[in-house]
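J.: Before we start, here is the structure in question, set down as structure tokens.
The values are calculated or read from the model by the stated rules, or taken from the named source; none is laboratory data. Worth saying up front: this structure is predicted, and the values here are computed from it rather than measured. Glycine gets a Cβ as well: all are built from the backbone with ideal geometry, and neighbour counts include every protein chain shown. Surface areas here come from the heavy atoms of the whole protein model, side chains and all, with no ligands, DNA or RNA. Shrake-Rupley method; radii C 1.70, N 1.55, O 1.52, S 1.80 Å.
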Amino acid sequence: MGAKQYTLKEKYLAIVLLDIIGSTAFVQRHGALKAAEWFQYHDRMTRNLCLKFSGREIDRSDGFLMSFDDPVDAVNFALTYQNKIPAKTRLNTRIGVHWGRVIEVTQDELWQAVGAKSVELEGISKNIAARTMSLCGPGQVLITKEAMEVIKGRTNGFTPEGTRYACAGAYRFKGVREPQVIYTVG
């Protein structure tokens, strides 16, 4: 094994997974070029919101993997996104948020030069966020109990007025030992 070409940092983060529902059908219906233009329109607005709420884009495919230092910012991002962007793009989306311990991997410039992401996330928290998102219906935001416990009673100037939380139930996620209690927010 050669010289280490990455750094690892263990930390707590709010992990947000945003999925565009039906993206494959959208590409097939409109063609690759039109879909790429439409997704870029969507992605610019999403990145602007990510910046506004102090988030970081970690990865992108037919949606986004993002991280936030504060789960209040993550939830405010998700609610603002669902209130504004789908109406402008006519794309259905779903968002899952989890607060947990992750390993943040920062790749050296050598690997970034050949396409590696500058920052990657590792650990079960990423899987929990993904499983939470997979439970969502169109337009829905779901958060884990861990996120709920940290944000309970906390708001800031960006929190939409009248924001409410309700327990959606306990779920068993593949590969996760403990059942996960999930809340819907809106």
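J.: Considering only residues that are in contact with a strand residue (DSSP E or B) (Cβ under 8 Å, 6 or more places away or on another chain), over 16 Å from Met66 (Cα atoms) and open to solvent by 60 Å² or more (accessible area, probe 1.4 Å), which ones fall in the range 1-25?
T.: Tyr6, Thr7, Leu8, Lys9, Glu10, Ile21 - these are the residues of the range 1-25 that are in contact with a strand residue (DSSP E or B) (Cβ under 8 Å, 6 or more places away or on another chain), over 16 Å from Met66 (Cα atoms) and open to solvent by 60 Å² or more (accessible area, probe 1.4 Å).
J.: Report every pair of residues separated by at least 6 positions or lying on different chains whose Cβ atoms are under 7 Å apart, first residue within the range 49-63 and in contact (Cβ under 8 Å) with a residue 60 or more places away in the chain, second open to solvent by less than 60 Å² (accessible area, probe 1.4 Å) and assigned to a helix (DSSP H, G or I).
T.: So the pair list comes out as Phe53/Asp73; Phe53/Asn76; Phe53/Phe77.
J.: Would you point out the residue of the range 158-186, among those that are in a strand (DSSP E or B) and of a type in the set (Phe, Trp, Tyr), that is nearest to Ile124 (Cα to Cα)?
T.: The qualifying residue nearest to Ile124 (Cα to Cα) is Tyr171.
J.: Answer yes or no: is there a residue in the range 26-47 that is buried (at least 17 other Cβ atoms within 10 Å of the Cβ), within 18 Å of Thr155 (Cα to Cα), touching a residue at least 12 places away in the same chain (Cβ under 8 Å) and in contact with a helix residue (DSSP H, G or I) (Cβ under 7 Å, 6 or more places away or on another chain).
T.: no
J.: For the range 108-127, which residues satisfy the criterion of being without any contact (Cβ under 8 Å) to a residue 60 or more places away in the chain and either under 13 Å from the mean Cα position of the chain (by Cα) or within 22 Å of Phe173 (Cα to Cα) (or both)?
T.: Glu122, Gly123, Ile124, Asn127, listed by residue number.
J.: For Val181, indicate whether it is open to solvent by less than 50 Å² (accessible area, probe 1.4 Å), under 28 Å from Lys9 (Cα atoms) and in contact with a Phe, Trp or Tyr (Cβ under 7 Å, 6 or more places away or on another chain).
T.: Against the criterion (open to solvent by less than 50 Å² (accessible area, probe 1.4 Å), under 28 Å from Lys9 (Cα atoms) and in contact with a Phe, Trp or Tyr (Cβ under 7 Å, 6 or more places away or on another chain)), Val181 does not qualify.
J.: I would also like to ask the following. Across the range 64-78, what is the total count of residues that are within 13 Å of Cys50 (Cβ to Cβ) and open to solvent by less than 10 Å² (accessible area, probe 1.4 Å)?
T.: The qualifying residues number 8.
J.: Select the helices (runs of 4 or more DSSP H) contained entirely in the range 79-157, then report the ones holding at least 2 residues which are open to solvent by less than 30 Å² (accessible area, probe 1.4 Å).
T.: 124-135, 145-151
J.: Taking the criterion of being more than 22 Å from Ser118 (Cβ to Cβ) and not polar (S, T, N, Q), would at least one residue in the range 53-73 satisfy it?
T.: yes
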